[in-house]
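K.L.:
One structure, as structure tokens, below. Some questions next.
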Amino acid sequence: MIGYYVHHHGLGHLHRALCIARHTRCPVTGLSSLERPADWPGPWIRLPLDTGGPAAVDARAQGRLHWAPLFHDGYTERMATLAGWLGRTRPALLVSDVSVEVACLARLMGVPVVVTAMRGERLDAAHRLGHDLALRLLAPWPATVPEPGWPAHWYDKTVYATAFSRDDGRIPTPPPRDGTRRVLLMLGAGGSGIAGEQVRAARAATPHWRWDLLGGPGGDWSADPWPRICAADVVVTHGGQNAVAECAAARRPTVVLPQGRPFGEQHATGRALRDAGLAVVREEWPRPDEWPSLLEEAAALDGEAWAGWAPGDGAERAARALDALAGAAGAS
């Protein structure tokens, strides 16, 4: 059995877990405060929330952890539920996507841990602890674009799965050739920080482009954005790993506008994409007069270049690596 901890902020962690769990031979139990997805392939343990209630006391444990508040009933119940499951089930492996505290708990109970790597500034004491104790780091990006500045032993134990998404295996369809140029603004469930006035100004500055809004101010949402991604000549999105992977799967020219996230994750992803020449990246929302040339620059990109970032079998690579680690643990 593999345990898979899924963080409950946004949907990116869940999408990543679903992609991998569909390909593992070993049974996978999801562990999360999120509701069990209808298409989750195995058991699901619903965890108590560790937020809310009285103000958190020493939540960072003197800087050694990220979230371990003292005297917090939700946090205590959450960790007790995890510990009980680990003790009863004795999984061969625990994947943490992503929590230093969950990784530490599993390792302290004698369970090998794989930590899902995330880009950004991860050299603080808590990240060092979680990454150091991990048996492997699972990176959803290619080895050709590593995250700079890591300690050497982190690189040595990293599995580079390449980027992957729920759309891997689908065949992209080209945008309609009807003389209309289309741009999709795709913002995420974790908050965008983009105001409606900014979007309206960008649309007004680009009258020769038809805008489709998916999420964010003025936009609707879809459980399956794939058709709308494929229909766009250019996609404008944030720098979340899953959003970028979905654009890559569709081989669409993309503008990436990283949003503020803990540890600078999206800005680090933006730098990696810019250095690889895969997307047009701007650190801030562009001024209205910048949008016409920005969309033209993106439209000139070769969408097929995304194949190096997301070849289409990343989730299968990750699943094979987890199966191999779980098998080795079970045989020992």
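Please treat every number below as a calculation from the coordinates, not as lab data. None of the values given here were measured: they were computed from a predicted structure. Positions of Cβ are generated from backbone atoms using ideal geometry, with glycine treated the same way; all protein chains shown enter the neighbour counts.
K.L.:
Could you go through the range 71-86 in sequence order and give the Karplus-derived ³J(HN,Hα) for each residue, using 6.51 cos²θ - 1.76 cosθ + 1.60 with θ = phi - 60°, rounded to whole Hz, and x for Gly and Pro?
P.N.:
6, 10, 4, x, 5, 4, 5, 4, 5, 5, 5, 4, 4, x, 5, 4
K.L.:
Return, for the Cα atoms of the range 181-308, the radius of gyration and Dmax in Å, separated by a comma.
P.N.:
According to the Cα coordinates of the range 181-308, Rg and Dmax are 13.2, 37 Å.
K.L.:
Have a look at the range 1-155 and give its Rg and Dmax from the Cα atoms, expressed in angstrom.
P.N.:
15.3, 46
K.L.:
Quick one: what are the phi-derived ³J(HN,Hα) couplings along the range 168-181, Karplus 6.51/-1.76/1.60 with θ = phi - 60°, whole Hz, x for glycine and proline?
P.N.:
4, x, 7, 8, x, 9, x, x, x, 9, 10, x, 9, 9
K.L.:
For an R0 of 35 angstrom, estimate the FRET efficiency from the Cβ-Cβ distance between Ala324 and Arg210 and round to the nearest 0.05.
P.N.:
On the way: r = 47 Å, r/R0 = 1.35.
Once the sixth-power term is evaluated, E becomes 0.15.
K.L.:
Can you work out the FRET efficiency for the pair Arg22 and Met109, with r the C-beta to C-beta distance and R0 = 25 Å, to the nearest 0.05? Mind dumping the intermediate values first?
P.N.:
On the way: r = 27 Å, r/R0 = 1.09.
Plugging the Cβ-Cβ distance into 1/(1 + (r/R0)^6) gives 0.40.
K.L.:
Using DSSP to define loop residues, name the GluC sites (Glu not before Pro) in the range 233-287 whose beta-carbon has at most 15 other beta-carbon atoms within 10 Å.
P.N.:
On the way: sites: Glu246, Glu265, Glu283, Glu284; in loops: Glu283, Glu284.
When the GluC sites (Glu not before Pro) of the range 233-287 are filtered for loop state and at most 15 Cβ neighbours within 10 Å, Glu283, Glu284 remain.
K.L.:
Moving to a separate point now. Have a look at the DSSP beta bridges in the chain and tell me what percent are antiparallel, nearest 5. Intermediate values should be presented prior to the final figure.
P.N.:
Working: 1 of 38 bridges.
DSSP beta bridges in the chain are roughly 5 percent antiparallel.
K.L.:
What ranking of Leu138, Leu108 emerges when the number of other C-beta atoms within 10 Å of each C-beta is taken as an exposure proxy, fewest first?
P.N.:
Details: Leu138 24, Leu108 12.
Listing Leu138, Leu108 from fewest to most nearby Cβ atoms yields Leu108, Leu138.
K.L.:
Also: What order do you get for Ile171, Ile229 when you list them from fewest to most C-beta neighbours inside 10 Å?
P.N.:
Numbers: Ile171 6, Ile229 26.
The order, fewest Cβ neighbours first, is Ile171, Ile229.
K.L.:
Under 5 Å between amide hydrogens, which residues at least 5 positions from Val159 or on another chain qualify, with H placed 1.01 Å from N in the peptide plane?
P.N.:
Correct list: Leu137, Leu138, Ala139.
K.L.:
Shifting gears a bit: Could you please state, rounded to a whole Å, how far the C-alpha centre of the range 303-327 is from the C-alpha centre of the range 91-140?
P.N.:
The range 303-327 and the range 91-140 have Cα centres separated by 19 Å.
K.L.:
I've got another one for you. Can you compute 3J(HN,Hα) from phi for each residue in the range 238-245, using the Karplus curve 6.51 cos²θ - 1.76 cosθ + 1.60 with θ = phi - 60°, rounded to whole Hz and x for Gly and Pro?
P.N.:
Each residue of the range 238-245 in turn: 7, x, x, 4, 6, 4, 5, 5 Hz.
K.L.:
Here's something else I'd like to know. For every other residue with a beta carbon closer than 15 angstrom to the beta carbon of Leu322, add +1 if it is Lys or Arg and -1 if Asp or Glu, then tell me the sum. Intermediate results must be reported in sequence, preceding the final value.
P.N.:
Numbers: positive: Arg16, Arg22, Arg25, Arg136, Lys157, Arg317, Arg320; negative: Asp97, Asp313, Glu316, Asp323.
Within the 15 Å Cβ shell, the charges total +3.
K.L.:
Something else now. Which value in nm describes the separation of the simple spin-label points at Asp313 and Ala83, placed 7 Å from the Cα toward the beta carbon?
P.N.:
4.3
K.L.:
Counting only other residues whose beta carbon sits under 13 Å from that of Cys104, what net charge do I get with K and R as +1, D and E as -1? Before the final figure, lay out the partial values.
P.N.:
Values: positive: Arg64, Arg107, Arg128; negative: Glu101, Asp132.
So the surrounding residues net to +1.
K.L.:
Now a separate question. Counting only helical runs of four or more DSSP H residues, what would the 222 nm mean residue ellipticity of the chain come to if each run contributes -39,500 (n - 2.57) and the total is spread over all its residues? Display every interim value, and only then the final one.
P.N.:
Numbers: 11 runs with 113 residues, N = 332.
It lands at -10000 deg cm²/dmol.
K.L.:
Could you line up Met118, Met109 from fewest to most neighbouring Cβ atoms inside 10 Å? Could the numbers behind the result be given before it?
P.N.:
Values: Met118 23, Met109 14.
Starting with the residue having the fewest Cβ neighbours, the order is Met109, Met118.
K.L.:
Next question. List the longest stretch of the chain that has no exposed loop site; here a site is one of the chymotrypsin sites (Phe, Trp or Tyr not before Pro) assigned by DSSP to anything other than H, G, I, E or B, with at most 16 other Cβ within 10 Å.
P.N.:
Working: sites that count: Trp67, Phe71, Trp221.
After excluding every exposed loop site, the longest remaining stretch is 72-220.
K.L.:
Based on alpha-carbon positions alone, could you give the equivalent ellipsoid semi-axes of the chain from the gyration tensor, as √(5λ), descending, whole Å? Walk me through the intermediate numbers first.
P.N.:
On the way: eigenvalues 257, 94, 68 Å².
Calculated on Cα positions only, the semi-axes equal 36, 22, 18 Å.
K.L.:
Counting alpha carbon pairs within less than 8 Å and at least 6 residues apart, what relative contact order, in whole percent, applies to the range 181-308? Mind showing how you got there, number by number?
P.N.:
Details: 214 pairs, mean separation 32.0, N = 128.
After rounding, I find 25 percent.
K.L.:
Can you give me the relative contact order of the chain as a percent, contacts being Cα pairs under 8 Å and 6 or more apart? Show your work: numbers first, answer last.
P.N.:
Details: 636 pairs, mean separation 58.5, N = 332.
About 18 percent, as a whole number.
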